[in-house]
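Read the structure below first, then the notes.
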Amino acid sequence: MALIDITELKSVLGIGSIYPDAEVQQVADAAQDVILSFLDFNRSSITAVRLDDNVATFTAAAPVDFVIGQSVTITGCGAAFNGVRVVTSLKSANSGFIVNNNTIFVGNQAYVFTAAITNADIIPTPIKPRGQALLTSQAALYDLDARVRTATMAIAVDIWDTQKGTMGQQGVDFAPAPYRLGRSMLQRVIGLLGGNVDTNSMVG
């Protein structure tokens, strides 16, 4: 299941089958990605990866929320690393990986976890934009939450109206209005998301 589907979105927009499903799905996916990026999950942001002797090491930007034996879904880290992986160890280290005499991570602590992956060795590699490790059991955590689904639909409507509507203008006199997809986009639905928002996602 997803936070919204294109049948729901088409109904809200009142567009029937005028537009291709792929076009409507893209808007639904974009809205869902926006909302999910701000919600609270057991997840970690991955800044670097390496693979030695079929052991993958993932370096996180902060202490991880996982325990050994849990399954995590890795995305954004490259084909060899992406997928559902079982955490085999957790540790913190005081030094970063070195590549061409440059330190990939900087700071007092590097938080890492490992997983078994059968693949050729891969040298330490920084990940930009950052990858993500999400506790697999939480993948559908908010799918049935009415508040989160309503917020996602509102964002989808904003995206659609910006693309297909009056591009930031509204009313019969086309009076200028604030750009719908600006910084205030999330603020218009934050009341619906409430305590489900990850406060770390709001930093910066």
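Any read-out appearing in this document is the output of simple, stated calculations on the displayed coordinates, not a laboratory observation. Keep in mind the model is a prediction, meaning the values are calculated, not measured. No Cβ is skipped: glycine too gets one built from the backbone with ideal geometry, and neighbour counts run over all protein chains shown.
Partner lysines whose Cα lies under 30 Å from the Cα of Lys128, excluding those fewer than 8 positions away in the same chain, are identified as Lys91. Take the Cβ atoms of Leu181 and Ser17, set R0 to 25 Å, and the FRET efficiency comes out at 0.45.
Straight-line cross-link partners of Lys10 among the aspartates and glutamates, defined as a Cα under 18 Å from its Cα and at least 8 positions apart when in the same chain: Asp21, Glu23, Asp29, Asp158, Asp161. Electrostatic bookkeeping for Thr47 treats Lys and Arg as +1 and Asp and Glu as -1; over the other residues with beta carbon under 12 Å from its beta carbon, the sum is +3.
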